[in-house]
Structure formats: structure tokens, C-alpha cells
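The values are calculated or read from the model by the stated rules, or taken from the named source; none is laboratory data. What you see is a predicted model; the values in this text were computed from it and never measured. Methodologically, a virtual Cβ is constructed for each residue, glycine included, from the backbone with ideal geometry; neighbour enumeration extends over all protein chains shown.
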Amino acid sequence: MAVIEAEGLWKIFGGDPERARTLAKEGMSKAEVKEETGSVIAVDDANFEVQEQEIFVVMGLSGSGKSTLLRCVNRLIEPTFGKVHVHDDEVTAFDEDRLRKLRRTKMSMVFQNFGLFPHRTVIGNVEYGLEVAGMDKEKRRGKARQSLELVGLDGYEDSQTSQLSGGMQQRVGLARALVNDPEILLMDEAFSALDPLIRADMQNELLELQEQWDPACTILFITHDLDEALKMGDRIAIMKDGRIAQIGTPTEILTEPADEYVRSFVENVDRTKIVPARTVMRALGDDETVAADGPSVSPHTPIAELLPALVDADGPLAVRDSGGTLQGVVSQDAVMEEVVQNADGARRRDARAGRTDEDPEAAVA
Ligand SMILES: Nc1ncnc2c1ncn2[C@@H]1O[C@H](COP(=O)(O)OP(=O)(O)OP(=O)(O)O)[C@@H](O)[C@H]1O
């Protein structure tokens, strides 16, 4: 069942929204509509569903409408047209009270620039929402400590947030978002400001957290970075000029781009470095076994990194989550198929660019 559903969602800033929508529906571009009406179409008829416990990524270039779309879901920005449902509730019909309750209890948000109070300690930041909601001190401190532990910040309760590194500040932001056990996490470029190594750590930790949470959060994750989208997303929506160009799994986006725009985005991706083990994983067969102490990989390990482990594993390779539970196995065949498909893709790209293996000119060029 869908946790979030957006139906015919539009956000049009300024000018004459009714007319802007009509013109956009008639096929006018965003720039032409702005010229004609003075309206900026930030979100253009978005329709999507986010399933329970899914990480749904919205990816697009700067200005494509990602942040506006995310903020229309919790109505930090008021949609101009359309509906948002969370389960059976129509959020777009909520009054202020219900909206506040939704944001406090069900839906948390993590921002790119952390949004922390500099004069509060780490724990003071994390417990803030609970304090405002009137929870007594002992209880909220307990919950804040648990949340800090979850993001690996136990021991930092009394530090000043301004003294922490960017990565640690973002952990505080995440702990604050998780403190009230939200069902839904909205993450707006949450890792984009971090150094690449810290960023990769945070991505891995979020994926692990998502595995271990019980019940896991449903996550709407915004990024402008394709690699991050492919790594994090169960499904990805690609946005261009306010419109969703395609929604699909990472594999679908890579192998069946819906149009030239998506194709141009994914063209140069080395999919073996991005597509994770879980996409080629299968269930263990009735007549197969894997040793409990044998080699194993995480469901998030990119396919290219499976090859050495597969050589060691004398048969199918175990895929275990961070708690050690067997999720499935990958076999050499499945991995080789991916590698071959990737090589085929590269060959097609080269052919389009006028280079082929058979072309002697190209060989010496
Ligand atoms: N308050 C506003 N008034 C007018 N136009 C706006 C406003 N907020 C956003 N826009 C416009 O709406 C479009 C979408 O902006 P949005 O910030 O959602 O894009 P984005 O994909 O999140 O980009 P970025 O990653 O740069 O934030 C852009 O054309 C932007 O200029």
C-alpha cells in the first residue's frame, strides 16, 4: 500500500497560475509560460506513489523542482493544484493543527544545511521537537539518547553543535529527525554538503539503518547526484523543468531510459560500479547451501566489487544484511550477465560516438 501518494500536483509561483497550467498542458515550455504569464512552474503535474519502507529518490538538476516537490508533500510549500495523501488521509485538506501533528509525529525532515540551533547542545537539538510537544524532561532525554546512539553519536550529548564537523552535524540533524520514530523521512539533499568520503559513510549508514529499523521508515530522498540516486533508491523519479520524466528502479533507469533526456543522464554510467548486489540477488535454491562463516557481501555492494568474493566463494555468494541475516545469494552467471550488458552498453555508446573495435582508424587514433 502506498504511504505517500501525489496526484496531479502543481506548484506555480506568481503570475496567473490557472493560465500557466493551461498553457503548460497545451505543451508550452516552462520558459515560454514564464514569458507569457510571469508564472514560474516549479512542479508540473507530478504523479507518484511511495510504497511502504521504500527509499524513493527524486533526482534532477538544480532548478528542476525537487525541493519544491518535497515541500509540497509536507506543505512547507502550499501546492497550487493537486492532492497529497499519506495513507488514507488527504494532507492537502488538513487544517494547521492536523498538519502540525503530522509533521511532529509521522513525518520528519532532514535539510542540507542541517538547520541546527547553534546555542543548544547536541542533545538539546535532538530533543527540541519533543520539548515543544510537551514531553517531560526525563522521557525526552531518554528518547534523544537512543536516537543519538542510532546515528553513532553517543558520548556527544553535551557538545556544542557548532564545534562538530559537517558530517557530525548532519548526524545530529538525522537524530533529531528520528527521535519521534517517524514513519516517513523527507531528506532534502541531506548529504550533498558533505565531503565525498563522509558522504559515502552517511549513505551506507542510512542504508544500514533502514535495514535494521523495525519497522523501517519510508524515505523520500532528494538529490542532484545520479550516483547517489542509483545507490540509495529502490526507485528513482527523474525530474526536468518541473516534470517527472521517468520513474523506475535503478536498473530500469539505466537500461530503459524513457527519453533522450534520461538517456543523456545515464549514458556514461559504469553500471557495475553502481548497481548493487540486491538487484542481481536471488533466493537460495532448495539444493544449495552457503556456509554460515563463508564469504558474504552486503546487499548494497556494487556488482564490480563482488567479483573477488565470488572467486573465493566456491558457489553462490551469500548476501547478508548488517545484522548477518541471509537476504539471498548471487551467482557468477548473474554477475557476468550484468558485466556483459554493461560492456554492450559501452560498445553501443562508442558506436554512436563513431568508435568501434573493428575500425582500424579508431585503434590508432
Ligand atoms: N519562492 C519562489 N518564487 C519563485 N520561484 C521559485 C520559488 N522557489 C523556487 N522557485 C523556482 O522554482 C523552480 C524549482 O525550484 P526548486 O528549488 O524546487 O528546484 P531544485 O531542483 O530543488 O533546485 P536546487 O537543487 O537548486 O534547490 C526553479 O525555477 C526556481 O527558480
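Identify, from the list S108, S29, S39, the residue that is farther than 30 Å from D195 by Cβ and touching a helix residue (DSSP H, G or I) at 6+ places or on another chain (Cβ under 6 Å).
After applying the criteria, what remains is S39.
A search for C-beta distances below 7 Å between a residue of region 142-155 that is among the aromatic types (F, W, Y) and any residue that is assigned to a helix (DSSP H, G or I) and surrounded by 15 or more Cβ atoms within 10 Å (Cβ to Cβ), counting only pairs 6+ apart in sequence or on different chains, returns nothing. M109 fulfils the conditions (1) more than 12 Å from the ligand (Cβ to nearest atom); (2) buried (at least 22 other Cβ atoms within 10 Å of the Cβ); (3) at pLDDT 95 or above; (4) closer than 30 Å to D214 by Cβ except for a single criterion, (3).
Taking the conditions (1) farther than 28 Å from V50 by Cα; (2) within 16 Å of the ligand (Cβ to nearest atom) in turn, T161 satisfies each one other than (2). Enumerate the pairs (first residue in region 204-219 and touching a residue at least 60 places away in the same chain (Cβ under 8 Å); second residue anywhere and among the β-branched types (V, I, T) and in a loop (DSSP other than H, G, I, E, B)) with beta-carbon separation below 9 Å, excluding pairs fewer than 6 apart on the same chain, so at least 6 apart or on different chains. Correct list of pairs: E211/T325.
Screening I77 on (1) within 16 Å of the ligand (Cβ to nearest atom); (2) without any contact (Cβ under 8 Å) to a residue 60 or more places away in the chain; (3) out of contact with any Phe, Trp or Tyr (no Cβ under 6 Å at 6 or more places or on another chain) shows it passes everything except condition (2). Within region 146-167, restricting attention to residues that are closer than 26 Å to V86 by Cβ and crowded, with 18+ Cβ neighbours inside 10 Å, the residue that is modelled with the highest pLDDT is S147. Counting only residues that are of a type outside the set (D, E) and out of contact with any Lys or Arg (no Cβ under 8 Å at 6 or more places or on another chain), which one in region 27-42 is farthest from the ligand (Cβ to nearest atom)? Here the answer is G27. If the condition is being among the hydroxyl-bearing types (S, T, Y) and assigned to a helix (DSSP H, G or I), then region 108-129 contributes only Y128.
Inside region 100-136, can you point out the residues that are closer than 21 Å to V86 by Cβ and hydroxyl-bearing (S, T, Y)? Scanning region 100-136 gives T105, S108. Taking residues in region 60-71 that are within 6 Å of the ligand (Cβ to nearest atom), and partners anywhere that are assigned to a helix (DSSP H, G or I), the pairs with Cβ atoms closer than 8 Å and at least 6 places apart or on different chains are G60/K66. Within region 43-54, none of the residues are modelled with pLDDT under 95 and either within 15 Å of the ligand (Cβ to nearest atom) or among the aliphatic types (A, V, I, L, M) (or both).
Scanning region 212-225 for residues that are out of contact with any helix residue (DSSP H, G or I) (no Cβ under 8 Å at 6 or more places or on another chain) and either small (G, A, S) or crowded, with 17+ Cβ neighbours inside 10 Å (or both) returns a single hit, T218.
Yes/no per residue for (1) closer than 30 Å to P79 by Cα; (2) of a type in the set (S, T, Y); (3) surrounded by fewer than 21 Cβ atoms within 10 Å (Cβ to Cβ):
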| position | (1), (2), (3) |
| --- | --- |
| I244 | yes, no, no |
| Y261 | yes, yes, yes |
| T279 | no, yes, yes |
| L284 | no, no, yes |
| P295 | no, no, yes |
| S298 | no, yes, yes |
| G315 | no, no, yes |
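Scanning region 46-93 for residues that are of a type in the set (V, I, T) and either surrounded by fewer than 16 Cβ atoms within 10 Å (Cβ to Cβ) or part of a loop (DSSP other than H, G, I, E, B) (or both) yields I77, T80. The set of residues from region 1-26 being more than 30 Å from the chain's Cα centre (by Cα), part of a loop (DSSP other than H, G, I, E, B) and not charged (D, E, K, R) comprises just one member, G15.
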